[in-house]
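Visitor: Before I ask anything, let me first share the structure, which is written out below as structure tokens.
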Amino acid sequence: MKRQLTRSIGLALVLSLVAAALGVAAGKTEKAAPGRDVIAIEHWNENNQNGIMDANHPQSVAFAEQFGIVWESPMVPWNGGTDYLQQLRLRIAAGELPDVFMPWGGIEGELIDNGAVADLTALVREEMPVYYNNVPAEIWDFIKSLSPDGRSIYVLPAVQFTPLGGMIRGDWLDRLGLPVPTTVDEYVTVLRAFRDQDANGDGDPNNEIPTSGREGGRWMDHLFAPFGIAMVEGFPQFDIYDGKLQYSAVQPAMRSAIEWMRGLYAEGLLDPETFINTNQVWMGKITGDLIGSWYHGVHWAGGRFTVLYNSGVTDVRLEYLPMLRHPDYDGFLTTTDYRRPGYVFGAHMSEEAIRRTMRALEWINDPATSEERLRGYEGVNYLIEDGREVRLTTADFLALGTGYRTSVGAQVFSNAEVIAGQNLFQMSIIDPDESPEMFAAYGSLVNVNRMIDGYSRDTVRAIAGQFLPPSIYEGYPDIRTHRLFQEYVAKIVVGDWGLDRFDEFVDRWYRSGGTVVTERAQEVYAALQ
Amino acid sequence: MNKLLKDSRTERAFLFLNEATLALLALIMLYPLVHTLAVSFSAGPAAEAGRVYVWPVGFQTTGWRYVVRDRMLHRAFLNSVYVTVVGVVGSLGFTALFAYPLSRSYFTPRKALSLMVVISLVIRYPLIPYFLSIRSYGLMNNIHVLIVTHLITEFNLIIMRTFFQGLPDELEEAALMEGANHLHILVRIIIPLSKPVFATLALFFAVNYWNMFLHPLMFLRDANLMPIQIRLRQFIAQSAALQDRSGEVGGRGTADLNRRTIEAAVTIFATLPILMLYPFLQRHFVKGALLGSVKG
């Protein structure tokens, strides 16, 4: 017994020693020795969850040569921004800000007020002229309004082309001999045909879902847009109604939109599960060849195309669904030029470090360098095999198992031409005849560019409320999260409640803080004007 | 008496119901695991459309191949094994050293110390001061931060103390008479008699170390030090990003990669080591958990 015990204690000791040795080995890391004049930059943004970029990453190595910086992006989980913000707050509290990072949750105001981030007013013009000129003047005005003196630039804004619009299955329309609808009535006709006939051609005329959205009434903006409702990803926005800045959800047009959708739902044209679909379920229905038309980022449509094609729907074609005209309303698709703050620089950085980082950011955001960037780096974006450049997809790249991300992902400026141009460049380096995968890749680019083209010609409007700061919602979190709207829209559309409850919603919204928030929004708007 | 009970019809009905309920419960608990396993071996589109239940649809092993091939994952796996093995051994040792005096009635500061333990169990530390103190100990970016901060956990300490209290005092007295000191008593008498509680706590500690997520995020920067949970999370994010954006194409072989199957493979991969540990400790587990909880 005693011997056994001694033996097991001995064993445990030996084990832990071995493990400790292992651990010491694990603790040692190989750092690329940066040259004398290379500055390490710690970079954080929402892409940091996708992979790490350390000093050994081919791009960091290239940046050291090109700009004299070692670009390091440690892993920071995103989780809808919650985890990111928590980690960032921790670092701020500890007085250890990352060097260049994307502020989140409206903390840029706090950081500027506390002098934690650097004044970039002069530097951005000198080091990032292309980006500076590409960003619209009104966005710079807004950015300056964030500073204490109202004239300084502390934040580099993210101005990204985010074409949120409708999509419809072109191959389904072909099968039924219908054109792409352009009006509300034509759309209903198409939806009825999707419902009644075997639009997806699987032999079952009953499994098609004409159109669908996601929980909280999200991602069905194409059904609200015809009524002139300002809305981003299902969240009603502030815009000009009757000459004043007001919340779009409490306008009479919203009542009409809900009434129309109520009809669609009763007729079985709207997915019965539209208000409970999670992202995953919704995506599963789209890629499972079940949904006829939906609303999303049209520049992301390539992913849907590829999955559908690879699962055997080889005739899949995605068409852009234009904003549907309504006889009584001036409809439009909502866009916001200013998406969010892009980057701030920690006040602890030396001017030289900021300048070098800015040069790298300028290079990343200059449309003229996009081909060079898309070509990427050996071992990450391509391999050389038999003297020939072989492109790697993210899948191939994951298979390399290095844990690296594919590219720096720090783009804060893009527009339709940039995105379409990048797609054309990628099409030029693909040989669709090489394999079915290549054909799918090529096809997805063709589809995406058709969509971007359709979107570019559509009725899209930047709304008046795009520059409202989160502070207008202070004290009224429910107003900020649109909870009341989501509850009423779901219950009225599915028929649990009568349409007359809409007036009750308007009343409740104003009483529960809407009045105050509207006043604040109007004040901020007037000040910005 | 026993026979009578067994023969009674109501008793048999009760037993049957009991077994049926337990079997159902077991099934309910087993299903998610089996389902996830099935998804991990299914074709992407089928998994995506929710057509997989207990058996793989369109059998393939791509998800698993990606997971197994990942070099960073091998590294992370070793890191986690190291943290778990050293952590469990260290935790058991330190917990025993603390629990032993707390279990002896003649140890005067016993009550005060126990109270402090209970206070720290009820009131959690605020995150930012915690971060600042750990950093001031120079433990940033050091893999041992994961172990040092978890050597003793209040709950496990109380379980072990309670178990020690249940051991007869006479053993200790006899040993003292024979000239043993307290360290001898702990190592030669108390610990050998406490195998059930050690097995139980080993499992508790192991699960804790293996699943660690927040601490490495807060205190580690170096990718080579990250434990497995972080790497797996990152792996999922990477494959999700792949499906959400079509920004980068022009390569080969995207056809078989799917976020759902990768997620499932990753989930199984992360759970497996702990699942494998369980059967070996199970014998002691029930006994230990019960003993620790009722005696006091």
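The values are calculated or read from the model by the stated rules, or taken from the named source; none is laboratory data. These numbers were taken from a predicted model, which means no experiment stands behind them. Note that we place each Cβ from the backbone using ideal geometry, even for glycine, and neighbour counts take in every protein chain shown. With ligands, DNA and RNA removed, areas are computed over all heavy atoms of the protein, side chains included. Shrake-Rupley method; radii C 1.70, N 1.55, O 1.52, S 1.80 Å.
Visitor: So which residues in segment A:119-136 are open to solvent by 20 Å² or more (accessible area, probe 1.4 Å) and under 23 Å from the mean Cα position of the chain (by Cα)?
Guide: Hits for segment A:119-136 are A:TYR132, A:ASN134, A:PRO136.
Visitor: Looking only at residues that are polar (S, T, N, Q) and modelled with pLDDT of 90 or more in segment B:64-107, which one is surrounded by the fewest Cβ atoms within 10 Å (Cβ to Cβ)?
Guide: Taking the candidates together, the pick is B:SER103.
Visitor: For segment B:173-190, state whether one or more residues are in contact (Cβ under 8 Å) with a residue 60 or more places away in the chain, under 24 Å from the mean Cα position of the chain (by Cα) and open to solvent by 10 Å² or more (accessible area, probe 1.4 Å).
Guide: Scanning segment B:173-190 turns up no residue that is in contact (Cβ under 8 Å) with a residue 60 or more places away in the chain, under 24 Å from the mean Cα position of the chain (by Cα) and open to solvent by 10 Å² or more (accessible area, probe 1.4 Å).
Visitor: Which pairs do you get when a residue that is farther than 20 Å from A:GLN86 by Cβ, found in segment B:122-142, comes within reach of a residue that is among the small types (Gly, Ala, Ser), reach meaning Cβ atoms under 8 angstrom, with the pair 6+ apart or on two chains?
Guide: Pairs that qualify, where the first residue is farther than 20 Å from A:GLN86 by Cβ and the partner is among the small types (Gly, Ala, Ser), are B:ASN142/A:GLY27.
Visitor: Suppose we filter segment A:306-340 for residues that are at pLDDT 90 or above and more than 14 Å from every other protein chain (Cβ to nearest Cβ); how many remain?
Guide: 19
Visitor: Run down A:ILE419, A:ILE384 and say which single residue is in the same structural domain as A:GLU46 (by TED's automatic domain parsing), closer than 30 Å to A:VAL100 by Cβ, modelled with pLDDT of 85 or more and outside any loop (DSSP other than H, G, I, E, B).
Guide: A:ILE419 is the lone residue from the list that is in the same structural domain as A:GLU46 (by TED's automatic domain parsing), closer than 30 Å to A:VAL100 by Cβ, modelled with pLDDT of 85 or more and outside any loop (DSSP other than H, G, I, E, B).
Visitor: Looking only at residues in segment A:186-216 that are acidic (Asp, Glu) and buried (at least 18 other Cβ atoms within 10 Å of the Cβ), which one is nearest to A:VAL232 (Cα to Cα)?
Guide: Of everything passing the filter in segment A:186-216, A:GLU215 is nearest to A:VAL232 (Cα to Cα).
Visitor: Working only within segment B:136-150, note down all residues that are within 13 Å of chain A (Cβ to nearest Cβ) and open to solvent by less than 40 Å² (accessible area, probe 1.4 Å).
Guide: B:LEU139, B:ILE143, B:VAL145, B:LEU146, B:ILE147
Visitor: Here's another thing I want to ask about it. Suppose the filter is in the same structural domain as A:VAL135 (by TED's automatic domain parsing) and assigned to a loop (DSSP other than H, G, I, E, B); does A:MET349 pass it?
Guide: yes
Visitor: Please determine whether any residue of segment B:155-172 is of a type in the set (A, V, I, L, M, F, W, C), within 14 Å of another protein chain (Cβ to nearest Cβ) and open to solvent by less than 30 Å² (accessible area, probe 1.4 Å).
Guide: For segment B:155-172, residues of a type in the set (A, V, I, L, M, F, W, C), within 14 Å of another protein chain (Cβ to nearest Cβ) and open to solvent by less than 30 Å² (accessible area, probe 1.4 Å): absent.
Visitor: Out of the residues in segment A:257-280 that are closer than 21 Å to B:ALA47 by Cβ and crowded, with 19+ Cβ neighbours inside 10 Å, which is nearest to the other protein chains (Cβ to nearest Cβ)?
Guide: Among residues in segment A:257-280 that are closer than 21 Å to B:ALA47 by Cβ and crowded, with 19+ Cβ neighbours inside 10 Å, the one nearest to the other protein chains (Cβ to nearest Cβ) is A:ASN277.
Visitor: I would also like to ask the following. Can you confirm whether A:GLY150 is of a type in the set (Gly, Ala, Ser) and outside the structural domain of A:TRP104 (by TED's automatic domain parsing)?
Guide: no
Visitor: Let me ask something additional. Determine which member of the set A:GLY342, A:GLY331 is outside any loop (DSSP other than H, G, I, E, B) and on the phi < 0 side of the Ramachandran plot.
Guide: The conditions single out A:GLY342.
Visitor: Here are the criteria: (1) of a type in the set (Lys, Arg); (2) in a loop (DSSP other than H, G, I, E, B); (3) at pLDDT 75 or above. Tell me which single one B:ARG231 does not satisfy.
Guide: It fails just one condition, (2).
Visitor: If you don't mind, there's one more thing I want to ask. Consider segment A:141-170. How many of its residues are open to solvent by 10 Å² or more (accessible area, probe 1.4 Å), in contact (Cβ under 8 Å) with a residue 60 or more places away in the chain and part of a helix (DSSP H, G or I)?
Guide: 3
Visitor: Scan segment A:346-370 residue by residue and report those that are closer than 18 Å to A:ALA62 by Cβ, exposed (fewer than 15 other Cβ atoms within 10 Å of the Cβ) and either among the charged types (D, E, K, R) or in contact with a helix residue (DSSP H, G or I) (Cβ under 6 Å, 6 or more places away or on another chain) (or both).
Guide: The one that is closer than 18 Å to A:ALA62 by Cβ, exposed (fewer than 15 other Cβ atoms within 10 Å of the Cβ) and either among the charged types (D, E, K, R) or in contact with a helix residue (DSSP H, G or I) (Cβ under 6 Å, 6 or more places away or on another chain) (or both): A:THR369.
Visitor: Here's another thing I want to ask about it. So if I check each of A:TYR377, A:TYR343, which one is touching a helix residue (DSSP H, G or I) at 6+ places or on another chain (Cβ under 6 Å), within 27 Å of A:ALA62 (Cα to Cα) and aromatic (Phe, Trp, Tyr)?
Guide: A:TYR377
Visitor: To continue, here is another question. I'd like to check something: does segment B:108-126 contain any residue that is modelled with pLDDT under 95, within 12 Å of another protein chain (Cβ to nearest Cβ) and out of contact with any Ser or Thr (no Cβ under 6 Å at 6 or more places or on another chain)?
Guide: yes
Visitor: Here is a follow-up. Residue by residue through segment B:65-107, note down the ones that are over 23 Å from the mean Cα position of the chain (by Cα) and within 12 Å of chain A (Cβ to nearest Cβ).
Guide: B:ARG65, B:TYR66, B:ARG69, B:ASP70, B:ARG71
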